[in-house]
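Trainee: Pasting a structure below so you can have a look.
The values are calculated or read from the model by the stated rules, or taken from the named source; none is laboratory data. Source: prediction; values computed, not measured. Here the Cβ is made from the backbone with ideal geometry for all residues, glycine too, and neighbour counts use every protein chain on show.
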């Protein structure tokens, strides 16, 4: 099976991750070359992407496409002006003609709701976000809260924030939001006409209120009004959506519906709201499994995969913040029992995957050594603990479901599995929790020139990765570390080109 993927940009977590996870089940994912997919705020070379797509489309058994990439040039470019609603729709028209030419071709699409980050930085936003970003977030949050709840204190907060932001910038921001919202309505209409098998509107960095949440409410009303509840999904996420839909396409094509039984490290775990998301962790778990083509099981006996979800005791923390440990590692959770349960299931021959959701933006430093001392890490079906809960959970659900599919079809690729599993521990734990924190503490956040930043990162990460492999993965396979790089020449994410050849 071959799946054609147009990712949202060229980062490893949006492009390479789908190729690597699908390979676990022996499935090929065709993706455009990195060099034509843009760089940060630089849009993709859309004529080159279209030419590549035309060349590879006849080989595809299913298509997964980012409308943000084809419409705006990528996720970050979708947050800027310079292209009209009509121009975006014209760029997307070939996607909606695919069914006319090949009616049986499954087409899955995704289009993000533009985020509203709560900080002053223009790294991925328009220049004025460096000065007015936090106030724009406050204006959005409290204006929507007032309109939703009638809270007069919220109206006062919104008015105070509006007074600090030039009116023309507010107008520009809202005009871009209106453009993107109309494009999403257009995509929903295409799904209604049967031109898409599924459309996902992921919520990128969200919260309880905001103009983005108001847009999602309107989209949900339209979905319900049109009876499209099974063809249009809304849930927190962004970077992992392409991977999730690749897994869904593979599961649908092979007629499999993997069943997951989740268990949690804390009693309150499934009810805790994750940072950057608008719903309880239990709903994020459920939504990501469903997006990948799976369902929840009622009991461990009915499950294909036992899903161990590491959750905080009281509230989700930020992985690099030691002060947040008092919110996570509390009497409200029991890590030893949680790890013992994982070990028990593995000893019984049951497949177990671990979703590490106790922190945002990195793994739980209390979990990994404990887990490594109790189980053979290469025996896990999957592991992830990066960025948001939705990002990590979607990765785990996709990886575990492809491992299940590989067993069912007899095409399981153990080398691909071990390589991706080690990469997640290396990125989510060794890099995001340890190395990145150390580099930022020593030199500041991205204060070094890119070449020096990479050198300082690699100097710390390579020996840590080799030691981790020697301790936990050496008996499973030999490590070939080919490259460590910084995809966007900053410290937020790292790129790892490695392979663990199964013995």
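Trainee: Look at residue 103 and say whether it is assigned to a loop (DSSP other than H, G, I, E, B), modelled with pLDDT of 95 or more and on the phi < 0 side of the Ramachandran plot.
Mentor: Working: assigned to a loop (DSSP other than H, G, I, E, B): yes; modelled with pLDDT of 95 or more: yes; on the phi < 0 side of the Ramachandran plot: yes.
Considered against the rule, which asks whether it is assigned to a loop (DSSP other than H, G, I, E, B), modelled with pLDDT of 95 or more and on the phi < 0 side of the Ramachandran plot, residue 103 comes out as yes.
Trainee: Scan the stretch 167-187 and give yes if some residue there is touching a strand residue (DSSP E or B) at 6+ places or on another chain (Cβ under 7 Å) and buried (at least 20 other Cβ atoms within 10 Å of the Cβ), otherwise no.
Mentor: Scanning the stretch 167-187, I find at least one residue that is touching a strand residue (DSSP E or B) at 6+ places or on another chain (Cβ under 7 Å) and buried (at least 20 other Cβ atoms within 10 Å of the Cβ), so the answer is yes.
Trainee: Name the residues in the stretch 36-69 that are over 28 Å from residue 409 (Cα atoms) and without any contact (Cβ under 8 Å) to a residue 12 or more places away in the chain, would you?
Mentor: 45, 47, 51, 54, 55
Trainee: If residue 39 satisfies every condition in (1) within 27 Å of residue 494 (Cβ to Cβ); (2) over 19 Å from the mean Cα position of the chain (by Cα); (3) surrounded by fewer than 23 Cβ atoms within 10 Å (Cβ to Cβ) but one, which is the exception?
Mentor: So residue 39 meets the others, but not (2).
Trainee: Out of 152, 124, report the one residue that is under 30 Å from residue 65 (Cα atoms) and either touching a residue at least 60 places away in the same chain (Cβ under 8 Å) or surrounded by fewer than 15 Cβ atoms within 10 Å (Cβ to Cβ) (or both). Before you say what the answer is, go through the steps one by one.
Mentor: On the way: 152 fails: under 30 Å from residue 65 (Cα atoms).
Going through 152, 124 in turn, just one is under 30 Å from residue 65 (Cα atoms) and either touching a residue at least 60 places away in the same chain (Cβ under 8 Å) or surrounded by fewer than 15 Cβ atoms within 10 Å (Cβ to Cβ) (or both): 124.
Trainee: I'd like the full set of residues that are more than 19 Å from residue 75 (Cα to Cα) and buried (at least 24 other Cβ atoms within 10 Å of the Cβ), limited to the stretch 1-36.
Mentor: Residues satisfying the conditions are 3, 21, 22, 24, 25, 27, 29.
Trainee: Could you check the stretch 14-63 and list, in sequence order, the residues that are assigned to a helix (DSSP H, G or I) and within 23 Å of residue 393 (Cα to Cα)?
Mentor: Kept after step one, since they are assigned to a helix (DSSP H, G or I), are these residues of the stretch 14-63: 14-24, 34-36, 46-59.
Matches in the stretch 14-63: 14, 15, 16, 17, 18, 19, 20, 21, 22, 23, 24.
Trainee: Only one residue in 236, 336 is surrounded by 21 or more Cβ atoms within 10 Å (Cβ to Cβ) and either more than 30 Å from residue 405 (Cβ to Cβ) or not assigned by TED's automatic domain parsing to the domain that holds residue 365 (or both). Which one? Before you say what the answer is, go through the steps one by one.
Mentor: Working: 336 fails: surrounded by 21 or more Cβ atoms within 10 Å (Cβ to Cβ).
Only one candidate passes the filter, namely 236.
Trainee: Next question. Since residue 180 meets every condition but one in (1) farther than 30 Å from residue 120 by Cβ; (2) within 21 Å of the chain's Cα centre (by Cα); (3) in a helix (DSSP H, G or I), which condition does it not meet?
Mentor: Failed condition: (1).
Trainee: Here is a follow-up. Can you name the helices (runs of 4 or more DSSP H) wholly within the stretch 406-503 that have at least 2 residues being within 30 Å of residue 41 (Cβ to Cβ) and out of contact with any helix residue (DSSP H, G or I) (no Cβ under 9 Å at 6 or more places or on another chain)? So that I can check it myself, show each step before the final result.
Mentor: Numbers: elements: 414-424, 436-443, 450-468.
Helices (runs of 4 or more DSSP H) meeting the threshold: 436-443, 450-468.
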